[in-house]
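Enquirer: Following this message is one structure expressed as structure tokens.
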Amino acid sequence: MSPTLSQRATRLQAVVIGMSAGGLEALSQMLRDMPEDFGLPLIVVQHVPENHPSQIVEIFQRLCSLQVDEARDKDRPKPGHLYFAPPGYHLQVEMDRTFSLSVDPRVHYARPSIDVLFDSAADVWGDQLAGILLTGANSDGAEGLHSIARYGGLTVVQEPTEALADTMPRSALKLFQPDYVLPLAGIRQLLLRMDR
Amino acid sequence: MPERALEIELRLLIEAVYLRYSYDFRNYAMASLKRRVVQALRTIGCSSVSELQGKILHDPQAFMALLQYLTIPVSEMFRDPAYYLALRTQVVPLLRTYPSLKIWIAGCSTGEEVYSMAILLKEEGLLERSLIYATDINPQSLERARQGVYTLDSIRAYTESYQKAGGKRLFSDYYTAAYDAVLMDKSLREHVTFADHSLATDSVFAETQFISCRNVLIYFDRALQDRAIGLFHESLGHRGFLGLGSKESLDFTSFAEQFEPVSKRERVFRKL
């Protein structure tokens with residue numbers, strides 16, 4: 001018998017999250033009260049301007065109790081940590097479960113690109129990965145989330161009517177039917193259930 | 001989880017490239033390589049990586065087409081202007097004390113960084129006594145670097161970076177525009193030697209005082225990063241300088257203790 005959604009949610013290894021316009025506010029609502037010993041690494045691509053130093057790490061250090069870091073080349077993602085892709089670099093996960101960065105051309109006009117992170121993470125973690133796609137005014141992330149679904153991973157899309165910009169969630173829904181379409185409060189509950 | 005067919009095909013392709021053409025991508029970070037190969041499949045017209053492997057083994061032209069994907073040129077002039085500012089303020093004053101300079105730009109791609117460095121050296125009065133080695137593994141990229149022709153669109157973006165990097169003149173002093181392209185001033189090239197060199201398979205060719213290798217190491221696994229830094233360490237003379245990309249470090253290499261940071265933020269190091 002194939003495992004139920006709840007069973008799948010309890011044996012994950014990592015969570016990848018993608019967002020663009022309106023994403024910071026959405027993410028901070030979602031991660032509020034996340035326990036500092038959350039059992040999985042959370043890896044985020046947020047579209048940001050390339051040539052400006054990003055304040056995102058400092059902002060989230062104040063907003064949540066997780067350990068917040070910019071993802072570094074060759075680092076191994078750890079549970080309880082929230083990682084952000086650096087501006088101007090694609091973030092990927094390698095087969096040995098370490099991060100790698102690249103300055104390859106932009107994908108969907110974006111570097112970092114959500115698709116690039118999601119595709120590589122799907123390769124590595126297969127059905128032990130959850131992908132969450134939030135608000136955004138761009139279709140980056142839809143194909144990557146679809147890859148996660150094809151490898152048996154758990155897929156979550158923010159309810160488009162709630163999203164500040166609904167292009168990103170709607171692009172995913174046009175491609176395939178994810179496991180969950182939820183408002184932020186629901187995604188938060190789901191995340192807490194993923195925490196073993 | 002058993003290895004998927006695509007991962008096996010990729011490893012075999014990389015091995016075939018090495019055995020047939022001596023280009024060694026075996027220690028490259030696989031995630032980027034995979035994306036690049038998948039893109040190459042579409043344009044080279046193959047339905048699988050195995051088919052591509054068969055094709056490149058028998059057709060050197062198909063291999064050259066694949067090589068353009070495996071080594072996608074992704075360079076910009078004065079990328080990260082603060083890096084060039086750090087060079088001006090913290091490295092140039094020490095380079096001035098040498099009667100002659102050898103500078104190595106490793107992984108120079110289509111030459112954007114080479115021209116940036118030549119402009120900086122010229123403005124600091126050091127270009128006349130410098131020899132710049134600009135190396136890459138892709139002969140087509142090297143040829144484009146040698147020609148020094150760039151699109152007018154890209155030059156507009158570089159102009160802002162040039163100014164932020166502490167540029168002392170007008171960026172347009174360094175090129176001639178024609179239609180939608182520009183040709184870089186050939187005096188910038190007079191002190192540059194472009195050469196084919198692989199950080200994966202070749203050895204050191206000269207003693208240098210400064211090496212700039214930016215956003216190349218991120219494409220390597222740890223073993224190959226170590227090899228590359230080893231080459232730089234060997235090539236650099238006493239107290240020579242090493243500049244890396246803004247997200248690259250020596251932390252994961254076995255040479256971490258053999259360099260000191262000159263500008264931690266801009267990733268400029270000095271040999272101890």
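Enquirer: Could you run through segment A:177-196 and say how many residues are modelled with pLDDT under 95, surrounded by 12 or more Cβ atoms within 10 Å (Cβ to Cβ) and part of a loop (DSSP other than H, G, I, E, B)?
Expert: 1
Enquirer: Identify, from the list B:Thr201, B:Thr193, the residue that is within 21 Å of B:Ala145 (Cα to Cα) and either surrounded by 15 or more Cβ atoms within 10 Å (Cβ to Cβ) or in contact (Cβ under 8 Å) with a residue 12 or more places away in the chain (or both).
Expert: B:Thr193
Enquirer: Further question: Within segment B:85-103, identify whether any single residue is out of contact with any strand residue (DSSP E or B) (no Cβ under 8 Å at 6 or more places or on another chain), on the phi > 0 side of the Ramachandran plot and not aliphatic (A, V, I, L, M), and answer yes or no. Lay out the reasoning, then the answer.
Expert: Filtering segment B:85-103 for residues out of contact with any strand residue (DSSP E or B) (no Cβ under 8 Å at 6 or more places or on another chain) gives B:85, B:88-89, B:92-93, B:96-97, B:99.
Among the residues that remain, those that are also on the phi > 0 side of the Ramachandran plot are: none.
For segment B:85-103, residues out of contact with any strand residue (DSSP E or B) (no Cβ under 8 Å at 6 or more places or on another chain), on the phi > 0 side of the Ramachandran plot and not aliphatic (A, V, I, L, M): absent.
Enquirer: B:Ser109 fails exactly one of the following numbered conditions: (1) touching a Lys or Arg at 6+ places or on another chain (Cβ under 9 Å); (2) in contact (Cβ under 8 Å) with a residue 40 or more places away in the chain; (3) assigned to a loop (DSSP other than H, G, I, E, B). What is the number of that condition?
Expert: (2)
Enquirer: Report yes if some residue within segment A:45-60 is more than 13 Å from chain B (Cβ to nearest Cβ), free of Cβ contacts under 8 Å to residues at least 40 places away in the same chain, in contact with a Lys or Arg (Cβ under 7 Å, 6 or more places away or on another chain) and part of a loop (DSSP other than H, G, I, E, B); otherwise report no.
Expert: The answer is no, given that none of the residues of segment A:45-60 is more than 13 Å from chain B (Cβ to nearest Cβ), free of Cβ contacts under 8 Å to residues at least 40 places away in the same chain, in contact with a Lys or Arg (Cβ under 7 Å, 6 or more places away or on another chain) and part of a loop (DSSP other than H, G, I, E, B).
Enquirer: Quick check on this structure: which one of A:Asp96, A:Asp69 is more than 14 Å from the chain's Cα centre (by Cα) and within 11 Å of chain B (Cβ to nearest Cβ)? So that I can check it myself, show each step before the final result.
Expert: Details: A:Asp69 fails: within 11 Å of chain B (Cβ to nearest Cβ).
Of A:Asp96, A:Asp69, the one residue that is more than 14 Å from the chain's Cα centre (by Cα) and within 11 Å of chain B (Cβ to nearest Cβ) is A:Asp96.
Enquirer: Further, regarding this structure: Starting from residues that are farther than 23 Å from B:Lys102 by Cβ and part of a helix (DSSP H, G or I), keep the ones in segment B:199-224 and report whichever is nearest to the other protein chains (Cβ to nearest Cβ).
Expert: B:Ile218
Enquirer: Whether any residue in segment B:222-240 is out of contact with any Gly (no Cβ under 9 Å at 6 or more places or on another chain) and either free of Cβ contacts under 8 Å to residues at least 24 places away in the same chain or on the phi > 0 side of the Ramachandran plot (or both) is what I want to check.
Expert: Yes: one or more hits.
Enquirer: Would you mention how many residues in segment A:79-134 are within 21 Å of A:Val57 (Cβ to Cβ) and among the charged types (D, E, K, R)?
Expert: 1
Enquirer: Can you name the residue in segment A:153-179 that is within 16 Å of the chain's Cα centre (by Cα) and touching a residue at least 60 places away in the same chain (Cβ under 8 Å) and is also nearest to A:Phe38 (Cα to Cα) among such residues?
Expert: A:Leu154
Enquirer: While we're here: In segment B:205-256, how many are over 30 Å from B:Arg35 (Cα atoms) and more than 16 Å from the chain's Cα centre (by Cα)?
Expert: Residues that pass the stated criteria total 16.
Enquirer: Yes or no: B:Leu127 touching a His at 6+ places or on another chain (Cβ under 7 Å) and in the same structural domain as B:Arg214 (by TED's automatic domain parsing)?
Expert: Spelling it out, B:Leu127 is indeed touching a His at 6+ places or on another chain (Cβ under 7 Å) and in the same structural domain as B:Arg214 (by TED's automatic domain parsing).
Enquirer: Can I ask one more? Does A:Glu162 meet the test of being within 14 Å of chain B (Cβ to nearest Cβ) and over 19 Å from A:Met95 (Cα atoms)? Write out each step before concluding.
Expert: Details: within 14 Å of chain B (Cβ to nearest Cβ): no; over 19 Å from A:Met95 (Cα atoms): yes.
It is false that A:Glu162 is within 14 Å of chain B (Cβ to nearest Cβ) and over 19 Å from A:Met95 (Cα atoms).
Enquirer: Give me the residue from segment A:99-149 that is more than 11 Å from every other protein chain (Cβ to nearest Cβ) and in a strand (DSSP E or B) and, out of that set, nearest to B:Met30 (Cα to Cα).
Expert: Within segment A:99-149, the match that is nearest to B:Met30 (Cα to Cα) is A:Leu129.
Enquirer: Just one of the numbered conditions (1) modelled with pLDDT of 95 or more; (2) surrounded by 19 or more Cβ atoms within 10 Å (Cβ to Cβ); (3) within 30 Å of B:Phe269 (Cβ to Cβ); (4) within 14 Å of chain A (Cβ to nearest Cβ) is not true of B:Ala82; which one?
Expert: Among (1) modelled with pLDDT of 95 or more; (2) surrounded by 19 or more Cβ atoms within 10 Å (Cβ to Cβ); (3) within 30 Å of B:Phe269 (Cβ to Cβ); (4) within 14 Å of chain A (Cβ to nearest Cβ), B:Ala82 violates only (2).
Enquirer: Among the residues of segment B:1-47, what is the count of those that are at the interface with another protein chain (Cβ under 10 Å from one of its Cβ atoms) and charged (D, E, K, R)?
Expert: So the answer is 6.
Enquirer: Determine whether B:Gln90 is outside the structural domain of B:Val204 (by TED's automatic domain parsing), of a type outside the set (A, V, I, L, M, F, W, C) and not in a loop (DSSP other than H, G, I, E, B).
Expert: no
Enquirer: Right, next: Just name the residue that is nearest to B:Glu124 (Cα to Cα) out of those in segment B:156-173 that are among the hydroxyl-bearing types (Ser, Thr, Tyr) and out of contact with any Lys or Arg (no Cβ under 8 Å at 6 or more places or on another chain).
Expert: We begin by selecting, within segment B:156-173, every residue among the hydroxyl-bearing types (Ser, Thr, Tyr); these are B:158-159, B:161-162, B:172.
Then keep just the ones that are out of contact with any Lys or Arg (no Cβ under 8 Å at 6 or more places or on another chain); that gives B:158-159, B:162, B:172.
Values: B:Tyr158: 19, B:Thr159: 18, B:Tyr162: 14, B:Ser172: 18 Å.
Per the criteria, the residue is B:Tyr162.
The values are calculated or read from the model by the stated rules, or taken from the named source; none is laboratory data. What you see is a predicted model; the values in this text were computed from it and never measured. Ideal geometry is used to build each Cβ from the backbone, glycine not excepted, and the neighbour counts take in all protein chains shown.
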